[in-house]
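Written below as structure tokens is the structure these notes are about.
We did not get these values from a lab; they are worked out from the coordinates using the rules stated. For clarity, every value in this text was computed on a predicted model and none was experimentally measured. Cβ placement follows ideal geometry from the backbone for every residue including glycine, while neighbour counts extend to all protein chains displayed.
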Amino acid sequence: MNKLIELWRALWRPSASLSLGALTIGGFVFGILFWGGFNWAVELTNTEAFCISCHEMRNNVYAEYKETIHFNNRTGVRAVCADCHVPKAWGPKMVRKIEASLNELPKHLMGTIDTPEKFEAQRYNLALRVWTAMKENDSLECRNCHDWKSMERKKQSEKAWDRHEKGRQEGRTCIDCHFAIAHKEPEGDKGPRDIVVKKK
């Protein structure tokens, strides 16, 4: 205990050999390096390579996603895992990363969904959690790329345009209709339209 007290006092004792300017500049440089390293690590966890490094993702949802328009399409624009599952804004992104660390990482380590059978048994609950989050934020991750105002009527079929207009007028969000676009639809009691969330 005495050693900890001595260390604490040493940390707060004025430096005899370094000037205040050197300490300030050193702290500033350290802060930049720390912040840069932190951001680099956060962005690394948003890459497709990181997401599919776990075989649970690579062998299940990633295999399904490779067969969708979000993977291959005529324009060559690809939505990776983080585009749909991680918010862009810094605060919500950090909240999502903390949730993943506290919820998904322990389940990965415990082998909760490490076989196709275990994954299928959990698929509906996993989807329900994602659908609820998307209902709560009005499908924000979809709207980062797709926007009502940017839709061209002439490039959609009449049926699609009518449905989009009806959905917009009824206050629906993307996930209400487009909930099996990147992954197989799970079997369950309810879908996204049945989820009611309080508007913020």
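Give me the Kirkwood hydrodynamic radius of segment 43-89, using the inverse of the mean 1/r over all pairs of distinct Cα atoms, in Å to one decimal. Before the final figure, lay out the partial values.
Details: mean 1/r = 0.0887 Å⁻¹.
Computed over segment 43-89, the radius equals 11.3 Å.
Let's see if you can work this out: charge +1 on each Lys and Arg Cβ, -1 on each Asp and Glu Cβ, no other charges. What is the dipole magnitude of segment 100-200 about its Cα centre, in debye to the nearest 20?
460
Among CYS142, CYS177, which comes first, then next, by fewest other beta-carbon atoms within 10 Å? Show your work: numbers first, answer last.
Numbers: CYS142 19, CYS177 15.
Fewest to most other Cβ atoms nearby, the residues stand as CYS177, CYS142.
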### Task
May I ask you to derive the relative contact order of segment 23-194, considering only C-alpha pairs under 8 Å and at least 6 residues apart, and to give it as an integer percent?
24
### Query
What percent do you get for the relative contact order of segment 1-124 when only Cα pairs under 8 Å and 6+ apart count?
19
### Query
On a 0 to 90 degree scale, rounded to 10, what angle separates helix 20-44 from the longest Cα axis of the chain?
30
### Query
Mean projection of the alpha-carbon convex hull of the chain over all orientations, in nm²?
18.4
### Listed pairs LYS3/LYS93; LYS97/LYS155; LYS154/LYS198; LYS159/LYS184 exceeding 30 Å between Cα atoms
LYS3/LYS93; LYS97/LYS155; LYS154/LYS198
### Query
In the chain, what cysteines have no partner Cβ closer than 4.7 Å?
CYS54, CYS84, CYS145, CYS177
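Ranking SER17, SER53 by Cβ neighbours within 10 Å, fewest first, what do you get? Walk me through the numbers before you get to the answer.
On the way: SER17 5, SER53 10.
Fewest-to-most ranking of SER17, SER53: SER17, SER53.
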### Task
Write out the trypsin sites (Lys or Arg not before Pro) in segment 29-96 meeting two conditions: DSSP loop, and at most 14 other Cβ atoms within 10 Å of their Cβ.
LYS66, ARG74, ARG78, LYS88
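Based on the Cα coordinates of segment 156-200, what is the per residue volume of their convex hull in Å³?
On the way: hull volume 4.8 nm³, N = 45.
Taking only Cα atoms, segment 156-200 has a hull volume of 108 Å³ per residue.
To the nearest 500 deg cm²/dmol, what mean residue ellipticity at 222 nm is calculated for the chain from DSSP H runs of n ≥ 4 alone, each contributing -39,500 (n - 2.57), summed and divided by the residues?
When only DSSP H runs of four or more count, the value is -15500 deg cm²/dmol.
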